[in-house]
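Here's the structure, in structure tokens; my notes come after.
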Amino acid sequence: MTKKTYRDKPYYDSTGVGSLGTIAKMLDVRLEVLQSLCSDQEKHYHSFELVTNSGNKNKTRQIHEPKHLLKKVQKRINSRIFTNVKFPPYLQGGIKDEDNPRDYYANALAHINPQFVLSLDISNFYDNIKIEHVVKVFQQLCHFSPQVAELLAKLVTYNDTVPQGAVTSSYIANLVFFENEYKIVSRLRQQGFIYTRLLDDVAISAKKKITQDKKERIIKDVAKMATKSGVCINDKKTRFATKNTKDGLMEVTGLWVNHKQPKCLKKERQKVRTSVFQCEQEYKKNSTSEKFHKLWNRASGRVAKICRVGHPQAAKLRARLDKILPTYNDTEIKKMQIDLAGLKRVSASKRNHYGYIKRVNKLIYMCGILSRTHKKLAKSMRDTAKGLKPISTYEEFWEV
């Protein structure tokens, strides 16, 4: 039998770049423009607060979203640099992998039916990744010259840290530990442990029992790795569960891993059922209201999540939603027709703008809903809208 080999360290599977002129050509952006984007960052970001619900508490996140030109450059950094990085399988979040999706479910799947699960959370991950560590990724991992690495690092950071909201941030989060993480992974595997990381969530498990000394050593090693890259472990969120704990339930990124496949938590299943029931009640009142459309979309997303884990109730819940599909009233249909007429009046020279493409795509999406009640009209409007699109995908838009 051939021995299985592992390559635990991420590596850049392309040629390094030595000059600023070459990186400008690689990104198809003039060097002066790249330097300008670095010099006045405030002007190139839209900042706002995002409130999310975490358990019973509201958590506020500071989001820094790049404006159009900077976003275009960051998209190209992703497509022309980061897509050339080979990511080892223990890295799970924010990586495009069409053959093997890397998400919360794949992350939990790696840890099914263990004896224990140790979960560690990296505190304020993005905000604490400093520019010097980003420079190191480009210089030492990608083999770019110091000048090129510094320029790229400025293009993907805001006030010398990695911003939540930038399209490059998840790639950097996956690579920031490139010097040391693979050593921990390899050492743990040799000892019979499994290690994965979904961005700021580290999970370690094994199908054997663990001693207190070994658990403390693992935590210390991960904490040391984090500290070397300027971040730290949130001790308050460190969790350790075994089959011998009171309820015997072990969780990895929001899923139970006690059995042969990950399962949704009880509270998540309840949310899904409640969400579908609320849709059914609102449908009886008004199937065309904006409120119902929002409720249905939220419920559909939640059903998709339990579908991903193969929950037995998923098919029934999806069938219930299929019986109460959202529709449009005459007023909304008239608005769609007016919007289509407005799109047709836009000159060809202005149709390559992001806002215009978003409007066309939204209208095409709405035609799918319209087809539930007005098939011929929806087809006619959809065909017209598709003819107005200058490009076929958003990915193509950012590359032009």
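The values are calculated or read from the model by the stated rules, or taken from the named source; none is laboratory data. All of these numbers come straight from a predicted model, not from anything done at the bench. Ideal geometry is used to build each Cβ from the backbone, glycine not excepted, and the neighbour counts take in all protein chains shown. We work out accessible area using only protein heavy atoms, side chains counted, and drop any ligands, DNA or RNA first. Shrake-Rupley method; radii C 1.70, N 1.55, O 1.52, S 1.80 Å.
Look at Arg382 and say whether it is touching a helix residue (DSSP H, G or I) at 6+ places or on another chain (Cβ under 9 Å), open to solvent by 30 Å² or more (accessible area, probe 1.4 Å) and in contact (Cβ under 8 Å) with a residue 24 or more places away in the chain.
Details: touching a helix residue (DSSP H, G or I) at 6+ places or on another chain (Cβ under 9 Å): yes; open to solvent by 30 Å² or more (accessible area, probe 1.4 Å): yes; in contact (Cβ under 8 Å) with a residue 24 or more places away in the chain: no.
Considered against the rule, which asks whether it is touching a helix residue (DSSP H, G or I) at 6+ places or on another chain (Cβ under 9 Å), open to solvent by 30 Å² or more (accessible area, probe 1.4 Å) and in contact (Cβ under 8 Å) with a residue 24 or more places away in the chain, Arg382 comes out as no.
Return yes when Ala24 is surrounded by 17 or more Cβ atoms within 10 Å (Cβ to Cβ) and either under 21 Å from Ser170 (Cα atoms) or in contact with a Cys (Cβ under 6 Å, 6 or more places away or on another chain) (or both) and no when it is not. Criteria not met by Ala24.
For segment 101-118, state whether one or more residues are of a type in the set (D, E, K, R), out of contact with any strand residue (DSSP E or B) (no Cβ under 6 Å at 6 or more places or on another chain) and open to solvent by 30 Å² or more (accessible area, probe 1.4 Å). Within segment 101-118, one or more residues are of a type in the set (D, E, K, R), out of contact with any strand residue (DSSP E or B) (no Cβ under 6 Å at 6 or more places or on another chain) and open to solvent by 30 Å² or more (accessible area, probe 1.4 Å).
Report whether or not Gln139 is touching a residue at least 60 places away in the same chain (Cβ under 8 Å), open to solvent by 40 Å² or more (accessible area, probe 1.4 Å) and out of contact with any Lys or Arg (no Cβ under 9 Å at 6 or more places or on another chain). Taking the combined requirement at face value, the residue does not satisfy it. For segment 75-91, taking the residues that are under 17 Å from Asn180 (Cα atoms) and in contact with an Asp or Glu (Cβ under 6 Å, 6 or more places away or on another chain), the one that is surrounded by the fewest Cβ atoms within 10 Å (Cβ to Cβ) is identified as Lys86. Checked against (1) of a type outside the set (A, V, I, L, M); (2) out of contact with any helix residue (DSSP H, G or I) (no Cβ under 7 Å at 6 or more places or on another chain); (3) over 30 Å from His133 (Cα atoms), Lys237 passes all but a single condition, namely (3).
Could you say whether any residue in segment 232-250 is among the aliphatic types (A, V, I, L, M), over 23 Å from the mean Cα position of the chain (by Cα) and modelled with pLDDT of 90 or more? So far as segment 232-250 goes, yes, one or more of its residues are among the aliphatic types (A, V, I, L, M), over 23 Å from the mean Cα position of the chain (by Cα) and modelled with pLDDT of 90 or more.
Every residue, every condition in (1) of a type in the set (A, V, I, L, M, F, W, C); (2) touching a Phe, Trp or Tyr at 6+ places or on another chain (Cβ under 6 Å); (3) surrounded by fewer than 17 Cβ atoms within 10 Å (Cβ to Cβ); (4) without any contact (Cβ under 8 Å) to a residue 40 or more places away in the chain, yes or no:
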| residue | (1), (2), (3), (4) |
| --- | --- |
| Tyr171 | no, yes, no, no |
| Phe193 | yes, no, no, yes |
| Asp200 | no, yes, no, no |
| Val222 | yes, no, no, no |
| Lys228 | no, no, yes, no |
| Asp235 | no, no, yes, yes |
| Asn244 | no, no, yes, yes |
| Lys260 | no, no, yes, no |
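Against the condition within 30 Å of Val29 (Cβ to Cβ), open to solvent by 40 Å² or more (accessible area, probe 1.4 Å), touching a residue at least 60 places away in the same chain (Cβ under 8 Å) and not β-branched (Val, Ile, Thr), how does Lys154 come out, does it pass? Taking the combined requirement at face value, the residue satisfies it.
Can you pull out the residues in segment 301-335 that are open to solvent by less than 20 Å² (accessible area, probe 1.4 Å) and in contact (Cβ under 8 Å) with a residue 12 or more places away in the chain?
The answer is Val303, Ile306, Val309, Leu317, Leu321, Ile324, Pro326, Ile333.
Within segment 61-78, residues that are more than 14 Å from Gln41 (Cβ to Cβ) have Cβ atoms under 8 Å from residues that are open to solvent by less than 70 Å² (accessible area, probe 1.4 Å) and of a type in the set (Ser, Thr, Tyr) in these pairs: Arg61/Thr52; Gln62/Ser47; Ile63/Ser47; His68/Tyr354; Ile77/Thr168; Asn78/Thr168; Asn78/Tyr171, counting only partners at least 6 apart in sequence or on another chain. Scanning segment 349-400 for residues that are hydroxyl-bearing (Ser, Thr, Tyr) and assigned to a loop (DSSP other than H, G, I, E, B) turns up Ser371, Thr373, Ser392, Thr393.
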